[in-house]
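Student: Take a look at this one; I'll ask things after.
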């Protein structure tokens, strides 16, 4: 009873004032109330039956992550494994895949051209381009639907558009083979749902075998570059998304894996190659999760309440200083954070959700133009457009620029702001590796419609938020509001989720919308709280004392300077590696 009263009070205050406008202590209380409401009412399991998993033949899964993500939950071994369905954050009654003609109303290409396409670069001044690369690196760990080019979506070409074909033939999302009929609104995740660094280690035996080297290490060559078939590494999570930013992130954390292996080999010389590999993966994945939680998130969500709230996910309200001095206090997560607390799936079995996928569509972060610079002088080495460092072009750029200089170049440049009229130009007509041309910004809209993610106003209602009452509610200039009204025919209920989020007022310090944040505040803690390797098995027994110390002592800056020491003078005064670095 008291909990329901608390939820109603928090909702009323949030609607009338906004959690972000409350004093810090009240803001934290409001966020706890918002998160708990979402945990109780916005987790839906899409699996009608529990998929079967082969029985474990040994105890390996008890102390190591499996390749396909099975056996994380020992009672339900299939939970979160690759090939299982994505869940939902909204009820099935409002998450029905759209069909033509509504699927094309308004035409996604028109929306992309009129409301999303970048004409002048709008920077995000509090971030650097590493923050953009990091986000894509992470999403490749969490989810991938794949595509079905054999069953294209035939999108009518808008009148006057210069697209080369009519209709436009864009790949669809693969149908769920476990569903009774097509169009049921369920889709499979080809990756593991867990926060297990599967973008580095793969979700299949074939991928993992390909990246492994001797003695538990992964394949990094003498130059410190990835020594794996580039087609394989690009294809993990989609070859068409590969670019220099991803090459850098994969390189960094493959090098980090090998450094962890060296530390473990020194401590445990009798361990086998498999033991070293599995333990290094466990430690590396936890470090990546920590960096995302306490550094990337606080860089892109700079509100003072969030600075404490997101760090509390990792260290609790007692914060890092108490953690360093006293360790955990009890088994709960409020005081000492989620890592090491009890596991809890809350109101549904754990899964990444379709709604989570949609709110993470933040392509405006990616610039169209890049300047490669020299860390020693700060001078310009080369000016490039995105397609010159895309796909197989990424490696030649890295070889002639050098990893240290490439990181310096990204660290001293701003990404784009996540807003309307700022989606990259190269995405407007992008040639895929299979020769198909797509408008990726239009595809973002089409994917949400195709997969049954509600449009903007209904999405906000489902998350217990107030819907937009008029086009004047969007925090954009008058001209853009008129464009919104014209494109959507004056119907607020048709505004796409992505468009609405890009156009709304942002809380102070935020790099993306409050609407997206509601999914974030729910799922960010859930990715930790449901995972036994971040909860009951986040212990020295499972990770080793050396592994726990490695995670505690490391952050993004220390990872970078460990492998690229020439960056140390640049990073000396930087408190967050995803904020702009000094360029002199």
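The values are calculated or read from the model by the stated rules, or taken from the named source; none is laboratory data. Quantities reported herein were computed from a predicted structural model and do not represent experimental measurements. So basically every Cβ, Gly included, is an ideal-geometry build from the backbone, and we count neighbours across all protein chains shown.
Student: Can you name the residue in the stretch 477-491 that is surrounded by fewer than 20 Cβ atoms within 10 Å (Cβ to Cβ) and touching a helix residue (DSSP H, G or I) at 6+ places or on another chain (Cβ under 6 Å) and, of all such residues, is nearest to residue 515 (Cα to Cα)? I'd like the intermediate steps shown before the answer.
Tutor: From the stretch 477-491, those surrounded by fewer than 20 Cβ atoms within 10 Å (Cβ to Cβ) are 477-483, 485-487, 489-491; that's our starting set.
Filter once more, so that each one left must be touching a helix residue (DSSP H, G or I) at 6+ places or on another chain (Cβ under 6 Å): 481, 483, 485, 487.
On the way: 481: 19, 483: 21, 485: 20, 487: 22 Å.
Residue satisfying both the conditions and the ranking: 481.
Student: Quick one: which of 128, 107 is crowded, with 19+ Cβ neighbours inside 10 Å and in contact with a helix residue (DSSP H, G or I) (Cβ under 7 Å, 6 or more places away or on another chain)? Walk me through how you get there before you give the answer.
Tutor: Details: 107 fails: in contact with a helix residue (DSSP H, G or I) (Cβ under 7 Å, 6 or more places away or on another chain).
Every option except 128 fails the conditions.
Student: Additional query: Among (1) touching a helix residue (DSSP H, G or I) at 6+ places or on another chain (Cβ under 9 Å); (2) in a loop (DSSP other than H, G, I, E, B); (3) in contact (Cβ under 8 Å) with a residue 24 or more places away in the chain, which single condition is residue 515 missing?
Tutor: Result: residue 515 passes all but (2).
Student: Does residue 153 satisfy the condition of being touching a residue at least 12 places away in the same chain (Cβ under 8 Å), crowded, with 17+ Cβ neighbours inside 10 Å, within 22 Å of residue 395 (Cβ to Cβ) and more than 21 Å from the chain's Cα centre (by Cα)? Before you say what the answer is, go through the steps one by one.
Tutor: Details: touching a residue at least 12 places away in the same chain (Cβ under 8 Å): yes; crowded, with 17+ Cβ neighbours inside 10 Å: yes; within 22 Å of residue 395 (Cβ to Cβ): no; more than 21 Å from the chain's Cα centre (by Cα): yes.
No, not satisfied.
Student: Got a sec? Which of 111, 90 is touching a residue at least 24 places away in the same chain (Cβ under 8 Å), farther than 15 Å from residue 533 by Cα and assigned to a loop (DSSP other than H, G, I, E, B)? Talk me through it step by step, then tell me what you get.
Tutor: Details: 111 fails: assigned to a loop (DSSP other than H, G, I, E, B).
When all the criteria are applied, what remains is 90.
Student: Look at the stretch 429-460 and say how many of its residues are more than 22 Å from the chain's Cα centre (by Cα) and under 15 Å from residue 360 (Cα atoms).
Tutor: The total comes to 0.
Student: So, residue 66, is that one modelled with pLDDT of 95 or more and within 29 Å of residue 419 (Cβ to Cβ) or not? Talk me through it step by step, then tell me what you get.
Tutor: Numbers: modelled with pLDDT of 95 or more: yes; within 29 Å of residue 419 (Cβ to Cβ): no.
Here the answer is no, as residue 66 does not meet what is asked.
Student: Continuing with the same structure: Quick one: would you say residue 158 is in contact with a helix residue (DSSP H, G or I) (Cβ under 8 Å, 6 or more places away or on another chain), free of Cβ contacts under 8 Å to residues at least 60 places away in the same chain and over 21 Å from residue 434 (Cα atoms)?
Tutor: Numbers: in contact with a helix residue (DSSP H, G or I) (Cβ under 8 Å, 6 or more places away or on another chain): yes; free of Cβ contacts under 8 Å to residues at least 60 places away in the same chain: yes; over 21 Å from residue 434 (Cα atoms): yes.
Considered against the rule, which asks whether it is in contact with a helix residue (DSSP H, G or I) (Cβ under 8 Å, 6 or more places away or on another chain), free of Cβ contacts under 8 Å to residues at least 60 places away in the same chain and over 21 Å from residue 434 (Cα atoms), residue 158 comes out as yes.
Student: Looking for whichever is modelled with pLDDT under 95 and in contact with a helix residue (DSSP H, G or I) (Cβ under 7 Å, 6 or more places away or on another chain) here; the options are 392, 407. Which one fits? I'd like the intermediate steps shown before the answer.
Tutor: Values: 407 fails: modelled with pLDDT under 95.
The conditions single out 392.
Student: Can I ask one more? Assuming residue 550 fulfils every condition listed in (1) closer than 27 Å to residue 365 by Cβ; (2) assigned to a helix (DSSP H, G or I); (3) at pLDDT 95 or above apart from one, which condition is it?
Tutor: The single condition residue 550 does not satisfy is (1).
Student: Follow-up question, since we're still on this one. In the stretch 529-536, is there at least one residue being modelled with pLDDT of 95 or more and either more than 30 Å from residue 275 (Cβ to Cβ) or over 25 Å from the mean Cα position of the chain (by Cα) (or both)?
Tutor: So the first thing to find is which residues in the stretch 529-536 are modelled with pLDDT of 95 or more, and the list is 529-536.
Adding the requirement that they be either more than 30 Å from residue 275 (Cβ to Cβ) or over 25 Å from the mean Cα position of the chain (by Cα) (or both) leaves none.
So far as the stretch 529-536 goes, no, none of its residues is modelled with pLDDT of 95 or more and either more than 30 Å from residue 275 (Cβ to Cβ) or over 25 Å from the mean Cα position of the chain (by Cα) (or both).
Student: As an exercise: evaluate residue 138 against (1) modelled with pLDDT of 95 or more; (2) part of a loop (DSSP other than H, G, I, E, B); (3) under 30 Å from residue 294 (Cα atoms) and give the number of the one condition it does not meet.
Tutor: Going through the list (1) modelled with pLDDT of 95 or more; (2) part of a loop (DSSP other than H, G, I, E, B); (3) under 30 Å from residue 294 (Cα atoms), residue 138 breaks only (2).
Student: Restrict the check to the stretch 410-423 and report whether at least one residue is touching a residue at least 12 places away in the same chain (Cβ under 8 Å), outside any loop (DSSP other than H, G, I, E, B) and out of contact with any helix residue (DSSP H, G or I) (no Cβ under 7 Å at 6 or more places or on another chain).
Tutor: To start, the set of residues in the stretch 410-423 that are touching a residue at least 12 places away in the same chain (Cβ under 8 Å) comprises 410-423.
Now narrow it down to the ones that are outside any loop (DSSP other than H, G, I, E, B): 410-411, 416, 423.
Right, trim to out of contact with any helix residue (DSSP H, G or I) (no Cβ under 7 Å at 6 or more places or on another chain) and you get none.
Taking every residue of the stretch 410-423 in turn, none turns out to be touching a residue at least 12 places away in the same chain (Cβ under 8 Å), outside any loop (DSSP other than H, G, I, E, B) and out of contact with any helix residue (DSSP H, G or I) (no Cβ under 7 Å at 6 or more places or on another chain).
Student: Quick one: in the stretch 25-44, of everything that is surrounded by fewer than 16 Cβ atoms within 10 Å (Cβ to Cβ) and either over 27 Å from the mean Cα position of the chain (by Cα) or not in a helix (DSSP H, G or I) (or both), which residue is modelled with the highest pLDDT?
Tutor: 26
Student: Among residues belonging to the stretch 361-387 that are touching a strand residue (DSSP E or B) at 6+ places or on another chain (Cβ under 9 Å), over 18 Å from residue 430 (Cα atoms) and without any contact (Cβ under 8 Å) to a residue 24 or more places away in the chain, point out the one that is surrounded by the most Cβ atoms within 10 Å (Cβ to Cβ).
Tutor: 382
Student: Taking into account only those residues within the stretch 279-319 that are under 18 Å from the mean Cα position of the chain (by Cα) and not in a helix (DSSP H, G or I), which is farthest from residue 135 (Cα to Cα)? Reasoning before the result, please.
Tutor: Going through the stretch 279-319, the residues under 18 Å from the mean Cα position of the chain (by Cα) turn out to be 284-302, 306, 310-311, 313-314.
Cutting the leftovers down to not in a helix (DSSP H, G or I) gives us 301-302.
On the way: 301: 13, 302: 16 Å.
Among those residues, the one meeting the criterion is 302.
Student: Give the residue, chosen from 75, 99, that is more than 26 Å from the chain's Cα centre (by Cα), outside any helix (DSSP H, G or I) and within 30 Å of residue 423 (Cβ to Cβ). First the steps, then the outcome.
Tutor: Details: 75 fails: within 30 Å of residue 423 (Cβ to Cβ).
Exactly one residue qualifies, and that residue is 99.
Student: Which one of 545, 507, 467, 454 is without any contact (Cβ under 8 Å) to a residue 60 or more places away in the chain and in contact with a helix residue (DSSP H, G or I) (Cβ under 6 Å, 6 or more places away or on another chain)? Show your work before the answer.
Tutor: Numbers: 545 fails: in contact with a helix residue (DSSP H, G or I) (Cβ under 6 Å, 6 or more places away or on another chain); 507 fails: without any contact (Cβ under 8 Å) to a residue 60 or more places away in the chain; 454 fails: without any contact (Cβ under 8 Å) to a residue 60 or more places away in the chain.
After ruling out the rest, the residue left standing is 467.
Student: Tally time: how many residues in the stretch 559-574 are buried (at least 17 other Cβ atoms within 10 Å of the Cβ) and not in a loop (DSSP other than H, G, I, E, B)? Full working, then the answer.
Tutor: Filtering the stretch 559-574 down to residues buried (at least 17 other Cβ atoms within 10 Å of the Cβ) leaves 559-561, 563-564, 567, 570-571, 574.
Right, trim to not in a loop (DSSP other than H, G, I, E, B) and you get 559-561, 563, 567, 570-571.
Total meeting the criteria: 7.
Student: Right, something else. Going by the conditions given, is residue 526 in a helix (DSSP H, G or I), within 23 Å of residue 196 (Cβ to Cβ), in contact (Cβ under 8 Å) with a residue 40 or more places away in the chain and over 24 Å from the mean Cα position of the chain (by Cα)? Spell out the reasoning first.
Tutor: Numbers: in a helix (DSSP H, G or I): yes; within 23 Å of residue 196 (Cβ to Cβ): yes; in contact (Cβ under 8 Å) with a residue 40 or more places away in the chain: yes; over 24 Å from the mean Cα position of the chain (by Cα): no.
So residue 526 does not fit the description; no.
Student: Let me ask you something else. Would you check which residues across the stretch 324-360 are touching a residue at least 24 places away in the same chain (Cβ under 8 Å) and either within 30 Å of residue 113 (Cα to Cα) or not in a loop (DSSP other than H, G, I, E, B) (or both) and list them?
Tutor: So the first thing to find is which residues in the stretch 324-360 are touching a residue at least 24 places away in the same chain (Cβ under 8 Å), and the list is 324, 333, 337-360.
Scanning the stretch 324-360 gives 324, 353, 354, 355, 356, 357, 358, 359, 360.
Student: Being in a helix (DSSP H, G or I) and either at pLDDT below 95 or touching a strand residue (DSSP E or B) at 6+ places or on another chain (Cβ under 6 Å) (or both) is the filter here; which residues of the stretch 216-249 pass it?
Tutor: Taking the stretch 216-249 first, the residues in a helix (DSSP H, G or I) are 216, 230-235, 239-241, 244-249.
Answer for the stretch 216-249, where residues must be in a helix (DSSP H, G or I) and either at pLDDT below 95 or touching a strand residue (DSSP E or B) at 6+ places or on another chain (Cβ under 6 Å) (or both): 230, 231, 232, 233, 234, 235, 239, 240, 241.
Student: Going through 197, 175, 210 one at a time, which residue ends up being surrounded by fewer than 17 Cβ atoms within 10 Å (Cβ to Cβ) and closer than 24 Å to residue 403 by Cα?
Tutor: Only one candidate passes the filter, namely 210.
Student: Sort through 68, 36 and tell me the only one that's touching a residue at least 12 places away in the same chain (Cβ under 8 Å), touching a helix residue (DSSP H, G or I) at 6+ places or on another chain (Cβ under 9 Å) and more than 28 Å from residue 199 (Cα to Cα). Steps first, please.
Tutor: Details: 68 fails: more than 28 Å from residue 199 (Cα to Cα).
Of the residues listed, the single one that is touching a residue at least 12 places away in the same chain (Cβ under 8 Å), touching a helix residue (DSSP H, G or I) at 6+ places or on another chain (Cβ under 9 Å) and more than 28 Å from residue 199 (Cα to Cα) is 36.
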